[in-house]
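Trainee: Below you will find the structure I want to go over with you.
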Amino acid sequence: MYLLNDLFVAKDCRGKGVGEALINKAKALCAAQKQKGIAIQTAHDNPAQNLYQRLSFKPDTDLHFFWSVKS
């Protein structure tokens with residue numbers, strides 16, 4: 001399993017697909033290397049949670065997000 005921390009996109013680059021492209025590349029690498037998935041931990045008020053959920057990450061009670069190769 002991979003752990004993705006501190007994914008940051010500069011304000012002037014937000015809304016241009018940069019974060020989505022980075023996450024999708026990480027997901028492809030994870031699947032290619034036959035890993036279980038990717039865990040992301042984020043602050044409860046981080047608006048990027050919307051992006052994670054849109055990209056099939058599932059929230060849990062500790063405000064981690066997890067994407068599974070088999071999801």
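The values are calculated or read from the model by the stated rules, or taken from the named source; none is laboratory data. Everything numeric in this text was worked out from a predicted model, so none of it was measured. Virtual Cβ from ideal backbone geometry, glycine too; neighbours counted across all protein chains shown.
Trainee: What are the residues in region 15-38 that are of a type outside the set (Val, Ile, Thr) and either more than 18 Å from TYR2 (Cβ to Cβ) or modelled with pLDDT under 90 (or both), if any? So that I can check it myself, show each step before the final result.
Mentor: Just the residues of region 15-38 that are of a type outside the set (Val, Ile, Thr), to begin with: 15-17, 19-22, 24-37.
Within region 15-38, GLY15, LYS16, GLY17 meet the criteria.
Trainee: Quick one: how many residues across region 1-45 are assigned to a helix (DSSP H, G or I), free of Cβ contacts under 8 Å to residues at least 12 places away in the same chain and charged (D, E, K, R)?
Mentor: Number of matching residues: 3.
Trainee: Give the residue, chosen from CYS30, CYS13, that is over 10 Å from the mean Cα position of the chain (by Cα) and surrounded by 17 or more Cβ atoms within 10 Å (Cβ to Cβ). Reasoning before the result, please.
Mentor: Values: CYS13 fails: surrounded by 17 or more Cβ atoms within 10 Å (Cβ to Cβ).
Within the list CYS30, CYS13, the selection yields CYS30.
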